[in-house]
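Working notes for the structure below.
The values are calculated or read from the model by the stated rules, or taken from the named source; none is laboratory data. All values reported here derive from a predicted model rather than from experimental measurement. Ideal geometry is used to build each Cβ from the backbone, glycine not excepted, and the neighbour counts take in all protein chains shown. Heads up: the accessible areas ignore ligands, DNA and RNA and are worked out on the full protein's heavy atoms, side chains in. Shrake-Rupley method; radii C 1.70, N 1.55, O 1.52, S 1.80 Å.
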Amino acid sequence: MATKVSGMPAFLTDKNNPVGYCVQGAIEFGMDSRRLIQKCTKPDAKEFKKIAVACAIGFSIMGFIGYTVKLVFIPINNIIVGGS
């Protein structure tokens, strides 16, 4: 996506120049970000609820795994350290 921005010096628009490469990358990122924001839509209530439930299930599963690991490793740690 070679974009030519008017009013800019040639070294800022040349992708072979390191400065131009960075400037053109920033310009392309800005254009792509703008296009993404324009296409995004706000989720409706049903979609939001589905996402919230999925996140809650994920948090619960990760919490259960963390609790189980902690529960298993406390006795192992006491055996190794000596339980003083």
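Descriptive notes on the structure:
- Cα shape, the chain, gyration tensor, a/c 1.5 rule: oblate
- Fraction of accessible area attributable to carbon and sulfur, the chain (%, probe 1.4 Å): 70
- Once the Cα atoms are used to define both axes, helix 45-81 deviates from the longest principal axis of the chain by about 50 degrees.
- Cut-off 11 Å between beta-carbons: net charge of the residues surrounding GLY25, Lys and Arg +1, Asp and Glu -1: -1
- Dipole magnitude for the chain: computed about the Cα centre from +1 point charges on Lys and Arg Cβ and -1 point charges on Asp and Glu Cβ, it is near 300 debye.
- Between 0 and 90°, nearest 10: helix 18-39 axis offset from the chain longest Cα axis: 70
- Length gained on full extension, ALA45 to ASP32, computed as 0.36 nm times the residue gap minus the Cα-Cα distance: 1.9 nm.
- Per residue, the chain exposes 88 Å² of solvent-accessible protein surface, assessed with a 1.4 angstrom probe and all protein chains in place.
- Multiplying the residue separation of ASN77 and CYS22 by 0.36 nm and removing their Cα-Cα distance gives an extension gain of 14.6 nm.
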